[in-house]
Every structure is written in structure tokens, then in C-alpha cells.
Amino acid sequence: MSPVIKYTLARVGLFAAVFAALFPIDLDIFIKLAIALIASAGFSFILLRGLRDQVANQMAASAERRQAEKDRLRAALAGDDEPKRED
């Protein structure tokens, strides 16, 4: 499964868990939702660090592949044998 999907499901699950923990407390539903949103964001920053790193690595690898393909296509269109790196 993709790290992005895992991270998204973990965030949603964490939000649901915090909201479920707040459910028995006598507060307005919107206040419970706001507290759950803020608390789950804080918890995810700590608890989901590994998944977040996996997502960042996947995005970096994807960006590298796109840049290499872009360089290859530019070189092919220019008639060069080797792609030139434009940093």
C-alpha cells in the first residue's frame, strides 16, 4: 500500500480515536470536533513521524524521476546525446 494512503488512514484513525474519547464528555459537538482536530494534529506530529518520512521520501524520489525524464526529453528535443543538467 502506498505510504500516502497509509498516512492518510492513520491521520483519519487518530482523529476518530480522539473524537471517540471525547464523545462521553458533555460538550457541543462542534467543540468536540475542533478539539479532536487540534489534538489529533498534535498527536500525529509525534506518533506518525515514520509514516510522514516515508511519504517525504516517496515524493522526493518521484520528483527526481520526473526531473530525470524532463532532462532526457529536453536533450532528445535538442538533438543532444546526453542530457544537460540545469540546476
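Summed over the stretch 45-77, residues that are over 17 Å from residue 3 (Cβ atoms), over 18 Å from the mean Cα position of the chain (by Cα), open to solvent by 70 Å² or more (accessible area, probe 1.4 Å) and not acidic (Asp, Glu) total 6. Inspect the stretch 33-42 for any residue being free of Cβ contacts under 8 Å to residues at least 24 places away in the same chain, within 25 Å of residue 61 (Cα to Cα) and under 15 Å from the mean Cα position of the chain (by Cα) and give the result as yes or no. Within the stretch 33-42, none of the residues are free of Cβ contacts under 8 Å to residues at least 24 places away in the same chain, within 25 Å of residue 61 (Cα to Cα) and under 15 Å from the mean Cα position of the chain (by Cα). Beta carbons closer than 9 Å, at least 6 apart along the sequence or on distinct chains, pair a first residue in the stretch 8-24 that is closer than 14 Å to residue 43 by Cα with a second that is aromatic (Phe, Trp, Tyr) and assigned to a helix (DSSP H, G or I) for 14/43; 17/43; 18/43.
The values are calculated or read from the model by the stated rules, or taken from the named source; none is laboratory data. No experiment lies behind these values; they were computed from the predicted model shown. Neighbour counts run over all protein chains shown; Cβ positions are idealised from the backbone, glycine included. Each accessible area value is taken on the protein alone, full model and side chains, heavy atoms only, with ligands, DNA and RNA left out. Shrake-Rupley method; radii C 1.70, N 1.55, O 1.52, S 1.80 Å.
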